[in-house]
Amino acid sequence: MKHYLVSTDEVLAEVKSTEAGLSSQEAAERLKANGPNRLEEPPKKSLLARFVEQFKNPMILVLIVAAVVSAMTGIVAEGHLEPDAFIILFVVIANAVLGVYQENKAEAAIAALQAMSAAQSKVLRDGDAKLVASAELVIGDVINLEAGDSVPADCRILECAALKSEEAALTGESVPSEKISDVLHGDEVPLSDRRNMLYMGSTIAYGRAKAVVVATGMQTEMGKIATAIATADDDDTPLQKKLNQLSKILSFAVLGICIFILGLNVVRILVQGGQLTMPAFLESFMLSVSLAVAAIPEGLAAVVTVVLSIGVTNMSKRSAVIRKLTAVEALGCAEIICSDKTGTLTQNKMTVTKHVADEEELLARAMALCCDAVLNTDGSVTGEPTEAALVSYANTLGLRKYEMEAQTPRVMEAPFDSMRKMMSTVHKTEQGYVQYTKGAPDEALRCCTRIRENGTVRPMTDADRTRILKSNKEMADQALRVLLAAYREHTDLPADSNPETLEQDLIYIGLTGMIDPVRPEVKPAIDLCRSAGVRPIMITGDHKDTAVAIATELGILKEGQKALTGAELSQIPDEEFEKHVADYSVYARVQPEHKVRIVNAWKKQHKTTAMTGDGVNDAPSIKSADIGVGMGITGTDVTKNVADMVLADDNFATIVNAVEEGRRIYDNIRKAIQFLLSSNLSEVLCILIATIGLGSLTGGPFTIFQPVHLLWINLISDTFPAIALGMEPAERGIMNRKPRSSNTHIFAEGMGINLLWQGAVIAALTLAAYVVGAQTSPEAGDTMAFLTLSFCEMFHAWNMRSLYGSVFTMHSHNRAMLGAIGLSVLLTVPLLLIPGLQSIFSLVALEPVQYLIGIGLAALIVPIVEIVKAIERKVMFK
């Protein structure tokens, strides 16, 4: 049953209750049958289960296989475990621990939803009013509510007086919703327009009510949100998808290398007339495995984790708390930012922005005294948002409400009523009594017969009324909430506070227009978003005209783009909406399921989508988005717990900083990947060429490097500079380019080709060094190759500070890179010079000229890469 479309008698009949409530026995039976009025908790994963989940990453699985194979190779060939097996396993376990530490999501979200429910409720049981735990409420219970109470369940209002409910967290409404008990009309009424309903998680802001419970627990609107949170898919971020692609490529490459080398050696043995004995086969197999392990960049997973962690630290300094490591990078490719309006684009604080009055101070005095909001001594205001705005307005003019009340105390009032849409208060003055009335202009103006102008009172004319109504319309067209203020003087205290008696023959003072204003920093942030190719979308539960006014002011709603209400969206089939989703920039009067639908429609267009918000109603869509962004100050705990990133300052502009940081991080990860893979490719090519070429000359398997050499280069010469690449500042123009598509391959924009030729050049320089050293001895050749490859990696890391720009024209500095290269040199040089270390690492002393030749060959990588990058720039940007 749609309880808001039927009478209270029909609702009571449907829930089998009366206005006197249920009996204790009936309530107990219903509680047993339907369960408690609380939200269900999802099954919790054990710490072990979470830990095991971290190993489902393809990159991690490749590293585990590499560690196992490396360990087997060491045991079979050397009789002991190779140290690189321990190093790889350490990297894998460290990543798993970090992953468990970063985990988040539904458990805390559901707990926060439960915390929003009222602890106890005033319930009619057995005809008497009783305090009952809210968890024990059942359908059919009749409850009493007053200002300040939390609504414990979804209820249909039976009767109410001047009732307003604060539902911003649930519906996105920026002001409390006025409530009635009458039947509503229409086929489908949006949640935010169901004026005869109260919902779990909202708060009574004003007045009182008697209501019957029609839904409890998971059947409430809050329960539906909890279900949506629990069932929303957690998709991989763009970076995770790219790394998964890379892992698959590496897996096939490693397997291919193993098969190729093993097959090559077997064929060579047979062609040369030898017998394929088990020792010979095993030696060939171990060689192929060693080569395959050399192809795996052991440090890549650690480098990515460290780079992302540095990004998290940087963002925390810029008021963005990252709850999921990969979310930092994901924002860098955001193409759509769906933002809630209330509290995100606006201040979530009603503010008087315009007024029409001959005497502004009299207008402010009347508005402030004719309301129940309280001005505190610290300047803050407590009360219903609209009235709080009026008191703040008066305070900005130097009219402090507590001082005015001391001078003219309230002695009588006619409370606000949703039928007459007015409120009146009577105050004692030295001359007698003064009455102030405020209300909706169309209603309050009917009660005015006179007007105050230039300090005097005169009869109101039709021309005056026309002018006032025109001013009202002009402000209303700007989505301002307009109130009219009037007054009346009494010699004696009125006989009664009946509105019909008080609210007549009033003297018009003026109009105030208020709105939840935009945050001043949002407009330039949105302009930056557009220059970066990111499209902002507004999604709100507020009225369409308000949403359009704010969106137009901010530049979100451009010419040719449309605004759509939730009711209109409900009439559009998914398939049709997905085709036309780009036509709409503003969505108003939406419900939580609409927000999820909007986010999913953009994702179906393969657009990386971010969703920001602060209310409970934003939580499902925030979890469904590629990047969920919660607000740290105004945001509910529910929203913060499902978000990937929380803005500590609730500043939309911080998102722009996060987009820039995300782009910087992705750029740097690509630099690190190109650097590491070109290094590993050079090692593979060196060993492969040695095996095919030199092996043919010697009649058997031949390798240019010892396993300890490769381990040192991969973990010292490569890893430190790769981490330093992750700390590279953003390149110029990073926010003037379009966001990359989530479908863009990680090797796009020529990175794959660059990786191949750079790896080949490094391999050629290394083999040249080997040939020079081998003139003295094979050991000297091995040492020169180790020297050249180690230093070549250090020089190449400097090349990779920019994938396409010249490192000699960069305006930024990277001290971390200088430190990383310095550390690598400091650790590597002793291996080449100290006799004891030389023997441990199977190296020999070289002649001075050989050291110079080795380093000279390594340095050649810089001019070679610079020349190619110059050619690429001419081709790419001609």
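The values are calculated or read from the model by the stated rules, or taken from the named source; none is laboratory data. As the structure is a computational prediction, the values presented were derived from the model and not from experiment. Every residue, glycine as well, gets a Cβ built from its backbone with ideal geometry; the counts of neighbours run over all protein chains shown. When the accessible area is computed, the model is the full protein with side chains, heavy atoms only, and any ligands, DNA or RNA have been set aside. Shrake-Rupley method; radii C 1.70, N 1.55, O 1.52, S 1.80 Å.
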Next item on the list: Roll a 1.4 Å probe over the protein chains and send me the accessible area per residue for the chain in Å².
Entry: 41 Å²
Margin query: Filter the chain for me: DSSP H helices, axial length by Cα at least 20 angstrom, mean Kyte-Doolittle hydropathy not below -0.5. List them by residue number.
Written below: 58-78, 83-102, 238-271, 278-295, 300-317, 652-689, 751-774, 778-799, 815-833, 861-876
Check: Sorted by accessible area (1.4 Å probe), largest first, how do Trp712, Trp602 line up?
Finding: Trp712, Trp602
Next item on the list: Please calculate the 1.4 Å probe accessible area of Val457, with all protein chains present, and give it to the nearest 10 Å².
Entry: 60 Å²
Check: Once the dipole of the chain is set up with Lys and Arg at +1 and Asp and Glu at -1 on Cβ about the Cα centre, which of Pro536, Cys258, Gly510 lies farthest towards its positive end?
Finding: Cys258
Check: Which of Thr203, Val616, Ala406 sits closest to the plus end of the dipole of the chain, meaning its Cα is farthest towards the positive end, when Lys and Arg get +1 and Asp and Glu get -1 on the C-beta?
Finding: Val616
Margin query: Tell me the mean residue ellipticity at 222 nm calculated for the chain from its helices only (DSSP H runs of n ≥ 4, each -39500 (n - 2.57), averaged over every residue, nearest 500).
Written below: -15500 deg cm²/dmol
Check: Roughly what % of DSSP beta bridges within the chain run antiparallel, to the nearest 5?
Finding: 75 percent
Item checked: ³J(HN,Hα), Karplus 6.51/-1.76/1.60, whole Hz, each residue of region 623-631, x for Gly, Pro -> 6, 6, 5, 4, 9, x, 10, x, 9
Note to self: Starting from the 7 Å offset along Cα-to-Cβ, what nm value, one decimal, do you get for the label separation of Ser7 and Val68?
What the structure shows: 7.4 nm
Next item on the list: Treating only the Cβ atoms of Lys and Arg (+1) and Asp and Glu (-1) as charged, compute the dipole magnitude of region 388-447 about its Cα centre; round to the nearest 20 debye.
Entry: 40 debye
Next item on the list: On the protein heavy atoms, probe 1.4 angstrom, tell me the percent of accessible surface of the chain carried by carbon and sulfur.
Entry: 59 percent
Checklist line | Test item: Cα-centred dipole of the chain, Lys/Arg +1 and Asp/Glu -1 on Cβ, debye | finding: 2100 debye
Next item on the list: Express in Å², to the nearest 10, the accessible area of Tyr487 obtained by rolling a 1.4 Å probe over the protein heavy atoms while all chains stay in place.
Entry: 10 Å²
Checklist line | Percentage relative contact order, the chain, counting C-alpha pairs under 8 Å, at least six apart | finding: 13 percent
Margin query: Give me the dipole magnitude in Debye, nearest 20, for region 1-53 about the Cα centre, with unit charges on the beta carbon: positive for Lys and Arg, negative for Asp and Glu.
Written below: 440 debye
